[in-house]
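The values are calculated or read from the model by the stated rules, or taken from the named source; none is laboratory data. Quick caveat: nothing in here was measured; it's all calculated off a predicted structure. Note: ideal-geometry Cβ built from the backbone for every residue, glycine included; neighbour counts use all protein chains shown. Accessible surface is based on the protein model in full, side chains and every heavy atom, while ligands, DNA and RNA are left aside. Shrake-Rupley method; radii C 1.70, N 1.55, O 1.52, S 1.80 Å.
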Amino acid sequence: MLIKNFFVKKKKYASIPSEKAKQEIPQGLMQKCEDCQKIFYIKEWLKHLNVCPECGYHHKLPAYDRINSLMDEGTFEEWEQHVTSKNPLNFPSYEEKLKKDKEKTDLVEAVVTGKGKIDGYSTAIAVMDARFRMGSMGSVVGDKIAKAIERARELQIPIILFTASGGARMQEGMISLMQMAKTSIAVERFHQSGGCMIVVMTNPTTGGVSASFASIGDYQFAEPGALIGFAGRRIIEQTIREKLPKDFQTAEFQLEHGQIDKVIPRSELKQSLSAILDLHQVRGDQT
Ligand SMILES: [Zn+2]
């Protein structure tokens with residue numbers, strides 16, 4: 001008994017790593033939660049699709065990771081893979097900013113589009129990535145989204161749109177704003193042809209994206225805690241000269257006020273999307 005106790009003796013207290021030790025945590029091995037500040041092994045982090053295992057905070061999920069987490073293996077076929085933005089207004093240092101974001105994210109633009117299968121059901125998909133120019137919508141993002149919707153209409157398959165955006169892209173001015181109309185028209189044509197469009201708003205979905213295609217799906221979902229709104233809190237407070245509630249512009253607030261249909265945790269998304277795709281399968285005698 002004595003010997004056993006000797007070996008299983010536990011430490012009575014945990015040691016707190018010093019500032020220096022914290023800095024020495026190798027990059028890519030550990031991940032810190034932006035909300036509860038707890039640190040996890042990256043392996044555990046990735047297993048939860050960037051959702052904090054402790055507090056459930058939904059961190060940004062890169063576009064290709066999102067696609068891999070949903071689509072059946074080997075079924076995803078990307079559309080307009082190499083289309084990239086130019087600098088139509090000669091906006092100062094726009095090209096350098098694009099170059100930096102390309103290197104940082106391994107993406108060529110802020111949205112990835114294509115088609116594939118979820119649990120065997122064919123669907124088109126467009127996934128925005130907030131790491132690239134804050135997921136802002138310029139001419140290429142707008143065009144890729146409009147084209148994906150048009151293709152889904154031609155192929156007669158549903159489309160799922162994951163939105164993550166700071167709004168219209170400042171560096172493309174009016175051309176960015178035109179994308180709101182362009183994408184909305186594509187959605188309207190898709191609706192008229194009887195297509196099913198599912199929108200999943202992720203953190204953040206704001207500005208011109210929230211005010212166009214992101215708000216006109218047949219199903220409007222959001223991830224927990226996602227910031228959803230048009231103008232920022234400060235601007236609204238200054239305009240109406242009133243203090244806004246603490247949870248204003250969260251997914252949960254939007255659900256309570258009828259703006260969205262359901263808040264779905266990332267771990268349940270595939271199952272929910274698959275159930276909806278199943279509902280929209282054409283069945284019975286087609287003759
Ligand atoms: Zn956390």
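For this structure, a couple of remarks:
- Charge tally in the Cβ shell below 15 Å around residue 51, where Lys, Arg are +1 and Asp, Glu are -1, residue 51 excluded: +1
- Within the chain, the cysteines lacking any other cysteine Cβ closer than 4.7 Å to their own Cβ are 196.
- The modelled label-to-label distance for the pair residue 30/residue 234, using points 7 Å beyond Cα in the direction of Cβ, is 3.2 nm.
- Computed with a 1.4 Å probe over protein heavy atoms only, the accessible area of residue 75 comes to about 50 Å².
- Relative contact order for the chain, counting Cα pairs under 8 Å that sit 6 or more residues apart, in percent: 13 percent
- For residue 138, the shell of other residues with beta-carbons less than 11 Å away shows a net charge of +1, using +1 for Lys and Arg and -1 for Asp and Glu.
- Counted by Cβ distance under 13 Å from residue 120, the other residues give a net charge of -2, where Lys and Arg count +1 and Asp and Glu count -1.
- For the chain, the alpha-carbon coordinates run over 80, 56, 42 Å along the three principal axes, in decreasing order.
- 17 Å reach of a label modelled at residue 122, 7 Å along Cα-to-Cβ, counting backbone N of the stretch 167-209: 194-197
- A crude spin-label estimate for the pair residue 259 and residue 87, with each label 7 Å from Cα along the Cβ direction, gives 3.5 nm.
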